[in-house]
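To keep things clear, I will list the structure first and then write my remarks on it.
FYI, it's all coordinate maths here, none of it is from the lab. Note that the coordinates shown come from a computational prediction; the quantities given were computed from them, not determined experimentally. So basically every Cβ, Gly included, is an ideal-geometry build from the backbone, and we count neighbours across all protein chains shown.
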Amino acid sequence: MATIYCCRECGANLNLQPADLFPPEFYFEAGNKNTLSFAAVDSSKFRFEKEDKIRPFFETVNYWGIQRKRTKIMCNSCGKLVGHIYDDGPTMMTGIGQFGFGPSQVVPRNPRYRFKIKALSITSQT
């Protein structure tokens, strides 16, 4: 069964691969409600715009700050904002996790492509 992710505004296929989708329990994220996170995207389907805000944010248990640098992801067909890229850098640790508590404490910090569910039209084909 294949899952197809399209822009809700214009119906363009965004070519997001379910194999690149992070499982919801992969990491804790304060703002992860109503979003889907992917490890990679087809850059020909999107336009990217840098954003730099100075205001407090809490991204994960161990990642927070005052200045947030992220990139807006917009549909290449209609220009609607569909999500953000959080470029957090390399993973914080490898192995068994922080303080040896297991892999659930490992915070992935590679680029995450986070899409708003309300900006996507998700269909399944058999």
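Please list, ordered by chain and number, the residues whose modelled amide H lies under 5 Å from the amide H of Gly83; skip anything fewer than 5 residues away on the same chain.
Ile73, Lys116
Near Asn34, within a Cβ-to-Cβ distance under 11 Å, what is the net charge of the other residues, with Lys and Arg +1 and Asp and Glu -1? Before the final figure, lay out each step's value.
Values: positive: Lys33, Arg114, Lys116, Lys118; negative: none.
Net charge around Asn34: +4.
Along region 41-49, what does the Karplus equation 6.51 cos²θ - 1.76 cosθ + 1.60 (θ = phi - 60°) give for ³J(HN,Hα), rounded to whole Hz, x for Gly and Pro?
So the Karplus estimates, Gly and Pro as x, are 9, 8, 5, 6, 8, 9, 10, 10, 9 Hz.
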